Amino acid sequence: MRPDILPGATFPDYELPDHESTPRRLSEIQGDDPMILTLARGHYCPKEHQQHLDLAAFFPHINVAYTRVATISTDPHHTSQEFRASVGAQWPFLSDPERVVQKDLDIQEYTDPDNDPMIPHTIVLKPGLIIHTIYNGYWFWGRPSTADLWRDLRDASAEARPDWDLATPGLREAWESGDLRSFHGWDKRGRSTSS
C-alpha cells in the first residue's frame, strides 16, 4: 500500500462505473456519512464471497446507522454484477478491470499472477473520505468481523457527529434557537437555521 494511505489521510476519490455502468465517485457514494470500502479480489474468490455475505447480513444495521458501503473489484462489468447478486448486496459494486486502483495504491497481489487481483483491503472512512481504519485481508482473518466494523463505525461516527451526545453543552440551545447545523440530517430539512 502506498505510504500516504494511512489513518487520518484522505483516501483518493476514485471514479469508476458501478454495477449499472453508471460512473460513480466514492465521495458521491459516501455523501456526509461514514463508509465501509472493500477493495476486493473479485467474484472468483471464496473469501470475498464470505466477507460480502457477512456484510450483506450486517447491512440492515449499516443502513439504519447512516453509513454507506462500496466495493471495488477488478472484475469486468458483468462479473461484478454477478458477484453483487450472488451475495445479496444492496450497495454499489464498482468495476475496475483496468486496475487503476490496484496500480495507484500499489496493491497488486503478485502471488496470484493468473487473476492479477488487488491485495484485498477493507477501509473504514469517516466523512470526507478520511481514513479511520485499514484492514489488510490477504489472509481471511485479517479482514474485519462485523464486531470490528461496529466498533470502528461507533468511533468514527462519534468523531464525525457533533450531536453524538445530546447532553453536549450548547446543543439543546442550538436546537431550540433553530440552529440545526450540528444535527445530522436535520440541517437539510425545512426548519430555518439562524446564522
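The values are calculated or read from the model by the stated rules, or taken from the named source; none is laboratory data. The structure displayed is predicted, hence computed values, not measured ones. Heads up, the Cβs are rebuilt from the backbone with ideal geometry, glycines too, and the neighbour counts pull from every protein chain shown.
Quick notes
- Restricting the first member to region 121-138 and to residues that are over 13 Å from ILE5 (Cα atoms), and the second to residues that are surrounded by 19 or more Cβ atoms within 10 Å (Cβ to Cβ) and among the basic types (Lys, Arg), the beta-carbon pairs closer than 6 Å and six or more apart or on different chains are GLY137/ARG143.
- Of residues in region 160-175 being over 23 Å from THR38 (Cα atoms) and among the hydrophobic types (A, V, I, L, M, F, W, C), the one surrounded by the fewest Cβ atoms within 10 Å (Cβ to Cβ): ALA167
- Of the candidates LEU180, LEU171, LEU129, the single residue that is touching a Leu at 6+ places or on another chain (Cβ under 7 Å) and either outside the structural domain of PHE58 (by TED's automatic domain parsing) or modelled with pLDDT of 95 or more (or both) is LEU129.
- Among (1) more than 17 Å from the chain's Cα centre (by Cα); (2) within 16 Å of SER145 (Cα to Cα); (3) among the aromatic types (Phe, Trp, Tyr) - the single one PHE59 does not satisfy: (1)
- Region 1-21, subset without any contact (Cβ under 8 Å) to a residue 60 or more places away in the chain and part of a loop (DSSP other than H, G, I, E, B), residue farthest from GLN108 (Cα to Cα): GLU20
- Test: TRP164 is of a type outside the set (Gly, Ala, Ser), assigned to a helix (DSSP H, G or I) and over 16 Å from the mean Cα position of the chain (by Cα): no
- Every residue from region 139-159 that is surrounded by fewer than 19 Cβ atoms within 10 Å (Cβ to Cβ), in contact (Cβ under 8 Å) with a residue 60 or more places away in the chain and in contact with a His (Cβ under 9 Å, 6 or more places away or on another chain): THR146, TRP150
- Count of residues meeting criterion [more than 18 Å from the chain's Cα centre (by Cα) and among the β-branched types (Val, Ile, Thr)] in region 137-161: 0
- Close Cβ contacts (under 6 Å, 6 or more residues apart or on different chains) running from residues in region 34-60 that are in a helix (DSSP H, G or I) to residues that are of a type in the set (D, E, K, R) comprise GLU48/ARG41; GLN51/ARG143.
- Filtered residues of region 71-86 (kept if surrounded by fewer than 23 Cβ atoms within 10 Å (Cβ to Cβ) and either of a type in the set (Val, Ile, Thr) or without any contact (Cβ under 8 Å) to a residue 60 or more places away in the chain (or both)): PRO76, HIS78, THR79, GLU82, ALA85, SER86
- When GLY8 is tested against (1) closer than 13 Å to ILE123 by Cα; (2) assigned by TED's automatic domain parsing to the domain that holds THR146; (3) small (Gly, Ala, Ser), just one condition goes unmet, and that condition is (2).
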